[in-house]
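Accompanying notes for the structure given below.
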Amino acid sequence: MPLPTSLGFAGALSLVNLWLAYRCVRIRLNGPGGVGDLGIPSLLARMRAHANFVEYTPFVLILMALLEYAGGSRAWLQGLGAVYLVGRIVHAFGIERPKFTMQLIGALVTWAVLLALAVWALWLAVHFSTAA
């Protein structure tokens, strides 16, 4: 069974991952090179944005794929996926700002989407186990 919604978001989020990595590499190439944050605050912030993205995105994609496979609403999956995508971009830009409003919004959006997917998955799991 094809999973076009989760497949599409896996592709889109992979591009965001590459963009976040490139933002770190760009500073390294224009700076002293090397590994770590090199004592450059903007590089540290971008590294955290990238690492934070990598910490949450696999869970979101796994839940999306499993929910889609289980017959979850395509419209809801597309909506949650789009909100997550925008939230991660807002977070990435916000993490470099002195006031962390955008970072906080991005984090809250991430948690809300992950919570919604997790609760939905648990609800379906209970529903399927009682229906059998």
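The long axis of helix 101-131 is offset from the longest Cα principal axis of the chain by roughly 20 degrees. Think of it as helices only: each DSSP H run of n ≥ 4 in the chain is worth -39500 (n - 2.57), and spread over all residues that comes to -29000 deg cm²/dmol at 222 nm. For the chain, the longest principal axis of the C-alpha atoms and the axis of helix 41-69 are separated by about 10°. Separation of segment 1-58 from segment 64-132 is 19 Å, based on Cα centroids. The dipole here belongs to the chain: it is taken about the Cα centre, uses +1 on the Cβ of Lys and Arg and -1 on the Cβ of Asp and Glu, and is about 380 debye. FRET efficiency for the Ala112 to Leu38 pair, using the beta carbon distance and R₀ = 41 Å, is estimated at 0.75. Here the Gaussian network model covers the chain, with springs between Cα atoms less than 10 Å apart; of Ser73, Ser42, Ser14, Ser73 fluctuates the most. Against the chain, whose longest principal axis comes from its Cα atoms, helix 74-94 is set at around 20 degrees.
Restricting to Cα pairs below 8 Å that are 6+ residues apart, what does the relative contact order work out to for the chain? Please round to a whole percent. Worked out over the chain, it gives 26 percent. Note on the chain: along the principal axes its Cα atoms extend 61, 30, 21 Å, ordered by decreasing extent.
A short reminder: the numbers here are calculations on the coordinates, not readings from a lab. This one's a predicted model, so the numbers in the text were calculated from it and none came from an experiment. Every residue, glycine among them, receives a Cβ derived from its backbone with ideal geometry; neighbour counts consider all protein chains shown.
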